[in-house]
Amino acid sequence: MPNRILQSNLRVVPLVLICVVWGNGHGSANASPPVSETGTSWNSFRHDPHHTGVASCQLTNDLELLWESTLGDQVLATVAIVGDEVYIPCLSGEVVCLEKKTGRRKWAYRTMEVVPKNSFAPGFKSSPTVTGDSIYLGDEEGVFHAIDRKTGKGKWKFNTGGEIFSGGAVVDGRVIFGSYDGRLYSLNERDGSLAWRYETRGRIHSTPVIVGQMALVTGCDQSLHGVNVHTGKPVFELPLNDTFIATPSVVGDILYVGTYSGYVIAVDFRKKEALWRYAESEGHPFQSSTSVTDNLVVLGGHDRQVHAVNRLTGRKEWTFQTRAKVDSSPAVVDSRLFIGSSDGNLYGLSLADGKELWKYNIGKPITAGPAIGEGVLVVSSASRDGRLFCFGKK
């Protein structure tokens, strides 16, 4: 990947990103966070519409392993926790619903009911988005699925022309997502029919987010696209100067994201101005998505470290060293940060100074981000048998 640097006066916004701002006076579509039964759920990849990765529930300081489940194949995406249930996307081609309290299997949805001989069912690498009575996510063969939450039965499917990593954003009765075929799609929630599609010139990896009347999306064409959520017509396109794998976070009009070249950048996307650039990890890609608090931007890197950056100045506040690369996206609860590493450890760190508060060795690399919802923390390892761990208070 080219090592391009975002200059302080550059009027562009990062790649593979999507931004979200709610109620900022610019006008907005009827785009709500995924429905939560209790207000303390973790409903989608980064928990909330701004992708802050900050949980809305409490989590005990005395974490214990409540249960462990083996699902049969790798789980590479962050799970969803809503009410009494955990929803897990698997490379086996299943979405599995487990009882949150016990880990007991309630139902499993399959991309293919009957798998032909010498073949396999398309797997899931995208995180589920849970809204009301539905679950939305895409598979590795480019099919986007809507699943009934209560029964696990399929509601509808929609075919795209490329693998789907992107999660779905729900707006005004439609679900919007990107595909590796280079298109942004808007489908009607009711029946999965196509409302519109927007063409870019490269793959779209991360989850779209809504700003006012626009869906903002980036992809491998190194441009930021603003698309009208109602019509699918282009509003603007801006060139980009780096490659971005991670989904960014947004606070107000400021977007925060790590780059493939090893920088963390802050961009005022209204003014199209870069505010700062953090370069402590130059040359080591960031694929971990950011968590953003009042004071910090936190993420993991391929330099084996967790980085905490001052949200206002872009200066380093602290780093924490692990023994392998950190692709897991962090989850924040109260004054703690939880993140996995490819060294097989799930770490609990102090937000104040990065000191280790808790550690659990799973024994296999952790690439998925942990989810914290309904009073528990759930995370998977990248083991081939699909091991899932739930922590909380017994």
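Out of (1) modelled with pLDDT of 90 or more; (2) within 26 Å of His47 (Cα to Cα); (3) among the charged types (D, E, K, R), what's the single condition that is false for Lys233?
Unmet for Lys233, out of (1) modelled with pLDDT of 90 or more; (2) within 26 Å of His47 (Cα to Cα); (3) among the charged types (D, E, K, R): (2).
Results for (1) in contact (Cβ under 8 Å) with a residue 12 or more places away in the chain; (2) among the charged types (D, E, K, R); (3) under 29 Å from Asn295 (Cα atoms); (4) crowded, with 21+ Cβ neighbours inside 10 Å, shown as yes or no for each residue.
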position: Thr40; (1), (2), (3), (4): yes, no, yes, no
position: Gly53; (1), (2), (3), (4): yes, no, yes, yes
position: Gln58; (1), (2), (3), (4): yes, no, yes, no
position: Glu68; (1), (2), (3), (4): yes, yes, no, no
position: Gly103; (1), (2), (3), (4): yes, no, no, no
position: Ser119; (1), (2), (3), (4): no, no, no, no
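Mind listing just one residue for me: the one in region 198-222 that is free of Cβ contacts under 8 Å to residues at least 60 places away in the same chain and outside any loop (DSSP other than H, G, I, E, B) and, of those, farthest from Gly173 (Cα to Cα)? Steps first, please.
We begin by selecting, within region 198-222, every residue free of Cβ contacts under 8 Å to residues at least 60 places away in the same chain; these are 198-203, 214, 221.
The next check asks that each one be outside any loop (DSSP other than H, G, I, E, B); those that pass are 198-199, 214.
Working: Tyr198: 18, Glu199: 21, Met214: 15 Å.
That would be Glu199.
Just for region 160-180: of the residues that are part of a loop (DSSP other than H, G, I, E, B) and not small (Gly, Ala, Ser), which one is nearest to Ser206 (Cα to Cα)?
Keep residues of region 160-180 that are part of a loop (DSSP other than H, G, I, E, B), which gives 160-168, 172-173, 179-180.
Checking the rest, the ones that are also not small (Gly, Ala, Ser) come to 160, 163-165, 172, 180.
On the way: Thr160: 16, Glu163: 12, Ile164: 9, Phe165: 7, Asp172: 21, Tyr180: 10 Å.
By that ranking, first place goes to Phe165.
Any residue at all in region 203-213 that is surrounded by fewer than 17 Cβ atoms within 10 Å (Cβ to Cβ), closer than 29 Å to Ile147 by Cβ and modelled with pLDDT of 80 or more? Spell out the reasoning first.
Here is the first cut: in region 203-213, the ones surrounded by fewer than 17 Cβ atoms within 10 Å (Cβ to Cβ) are none.
Among the residues of region 203-213, not one is surrounded by fewer than 17 Cβ atoms within 10 Å (Cβ to Cβ), closer than 29 Å to Ile147 by Cβ and modelled with pLDDT of 80 or more, which makes the answer no.
Collect the residues in region 323-363 that are assigned to a loop (DSSP other than H, G, I, E, B) and aliphatic (A, V, I, L, M), keeping them in residue-number order. It would help to see each step written out before you state the result.
As a first pass, look at region 323-363 and keep what is assigned to a loop (DSSP other than H, G, I, E, B): 323-330, 334-335, 341-344, 351-355, 362-363.
Listed by number, the residues that qualify are Ala324, Val326, Leu351, Ala352, Ile362.
Just the residues that are of a type in the set (A, V, I, L, M) and either without any contact (Cβ under 8 Å) to a residue 24 or more places away in the chain or touching a helix residue (DSSP H, G or I) at 6+ places or on another chain (Cβ under 7 Å) (or both), please, taken from region 223-253. Talk me through it step by step, then tell me what you get.
The first filter runs over region 223-253 and keeps only residues of a type in the set (A, V, I, L, M), leaving 224, 227, 229, 235, 238, 240, 245-246, 250-251.
Val235, the sole residue that qualifies.
Tell me, please, whether a residue that is of a type in the set (A, V, I, L, M) and within 23 Å of Thr247 (Cβ to Cβ) can be found in region 357-370.
Let us first name the residues in region 357-370 that are of a type in the set (A, V, I, L, M), namely 357, 362, 366, 368.
Still in the running and within 23 Å of Thr247 (Cβ to Cβ): 366, 368.
Checked region 357-370: at least one residue is of a type in the set (A, V, I, L, M) and within 23 Å of Thr247 (Cβ to Cβ).
Given the criteria farther than 22 Å from Leu91 by Cα and surrounded by fewer than 21 Cβ atoms within 10 Å (Cβ to Cβ), does Asp191 qualify?
On the way: farther than 22 Å from Leu91 by Cα: yes; surrounded by fewer than 21 Cβ atoms within 10 Å (Cβ to Cβ): yes.
Yes, satisfied.
Pick from region 364-394 the residues that are part of a loop (DSSP other than H, G, I, E, B) and in contact with a Phe, Trp or Tyr (Cβ under 9 Å, 6 or more places away or on another chain): which of them is modelled with the lowest pLDDT? It would help to see each step written out before you state the result.
Keep residues of region 364-394 that are part of a loop (DSSP other than H, G, I, E, B), which gives 364-370, 374-375, 381-386, 393-394.
When the remaining residues are screened for being in contact with a Phe, Trp or Tyr (Cβ under 9 Å, 6 or more places away or on another chain), the result is 369-370, 374, 381.
Numbers: Gly369: 97, Pro370: 98, Glu374: 97, Ser381: 94.
Going through the qualifying residues, I end up with Ser381.
The values are calculated or read from the model by the stated rules, or taken from the named source; none is laboratory data. All figures in this text were calculated on a predicted structure; none of them were measured in a lab. Here the Cβ is made from the backbone with ideal geometry for all residues, glycine too, and neighbour counts use every protein chain on show.
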